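For reference, the structure discussed in these notes is given below.
The values are calculated or read from the model by the stated rules, or taken from the named source; none is laboratory data. As the structure is a computational prediction, the values presented were derived from the model and not from experiment. Neighbour counts run over all protein chains shown; Cβ positions are idealised from the backbone, glycine included.
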């Protein structure tokens, strides 16, 4: 936990400096000297600044030969996060093999200023031209093979927010345990994603399509492993593309243009589980994919794995969205692909279990029909829930009315009931039927603008009150904060952002959060996607929602990515 806290706080300081250049008197390039002398890269900072050891890295640009970073000197102190730092100058010994001509070294360092108002700037990368003859020859350890090292670095690279934690490069031996822990967390996140409504109900459907049932445990395991490999290819590709292009998958997965088609597709899957039709690959395509002999079914399994990745995006998007943002911003292609590959392996554990042991399960019977219908109801409910924040209110009522009507049919509202269990089931079905009718009436009320049913007490969880929150005018908020000696709380949102609306409905109206804002901040909501695009670059907005705390001069103090429950938000606001 301390390690994760250190990572998040460290990035928060770096992001603040990057967004607003909090200390105009210090330039992370001009005020940091970089030279090569006596076989070492020398990095030096002036008095009142230091260098963080965890972000120091040296690599060789394209060209023949290999480069190795030697043992770094001990740090001279620790910062407020407990990380090792250097004051003054630090020598980074390097050695190489097979180098020729002029070698371009790429040096990465993170400078921080000290004292009141001190900040940590983002890791800065600069090039340094060195003659190959000036770089000492690498000497392998006694009895150890010589391994080419294209990049040698220490520590972590992280991005702002409580969930955007990126593990260190696997080439970093001192932080090997940190890498393994981070990958374990990603693996567990994948396992958790497999239990979400848009993945778990798909497992029996998928196993039936690829033919894992009834073919024995060995074949079931092999087919399932092939499917998981297809999933891994999809997610690994996402990680690489994020690192290459800076795509924010989590934000894309919240847009109506993505959510609505996915919900329609899941509604089709639900109809299949209800027995309306069977989902199967076209005969011609199935024949080409399956082939014959030992390869039978493996092509189809791999194809299903490729498809399952995008289909599960609405559920896993919030989990991996922040990771993809961090990967995009640090540009580490290998690490991005590795993380998403491990995530897919975690998500595939249940597929492996079901695919391996499904052959031992009964293949027919009323229990199986009921189970499939129950899964269909879950899938249909997810389709309605998935678009709840991007459709009109009356549409929400209609969708949930349809879900409840379907549930009434599944539980036997229109069937004869014999026996206590059947009667209890039918009682539940009648209750669902009544609720469906009430929701249908609510939909008609919203559409026609009339009120038929009595209205209960108004919920306190209304969207953020317009009277106390400024809208779009950051300049006015800064002026008010300066006059009132407060900070500025900025809620960055987009109309299509589902998590932004959850903040409005659940977090900002919370009494404790409202009290803190009233006493300490000038709150403002800004739509940088449509209304204030000019601020998107200035505030370094890459995903929605983003919450910022600025001082009265507009300097960023800290930022938070993604939806947070009231208590988590309050803890973040109160943290120094």
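Do we find that residue 521 is modelled with pLDDT of 90 or more, farther than 20 Å from residue 566 by Cα and over 23 Å from the mean Cα position of the chain (by Cα) in this structure? Against the criterion (modelled with pLDDT of 90 or more, farther than 20 Å from residue 566 by Cα and over 23 Å from the mean Cα position of the chain (by Cα)), residue 521 does not qualify.
Is it true that residue 218 is surrounded by fewer than 18 Cβ atoms within 10 Å (Cβ to Cβ) and either at pLDDT 55 or above or assigned by TED's automatic domain parsing to the domain that holds residue 408 (or both)?
yes
Of all residues in the range 383-414, those being at pLDDT 80 or above and part of a helix (DSSP H, G or I) number 21.
Residues in the range 541-576 that are assigned to a helix (DSSP H, G or I) and either under 22 Å from the mean Cα position of the chain (by Cα) or at pLDDT 90 or above (or both): 566, 567, 568, 569, 570, 571, 572, 573. Taking the criterion of being in contact with a strand residue (DSSP E or B) (Cβ under 7 Å, 6 or more places away or on another chain) and either surrounded by fewer than 22 Cβ atoms within 10 Å (Cβ to Cβ) or assigned to a loop (DSSP other than H, G, I, E, B) (or both), the residues of the range 526-540 that qualify are 527, 528, 532, 535, 539.
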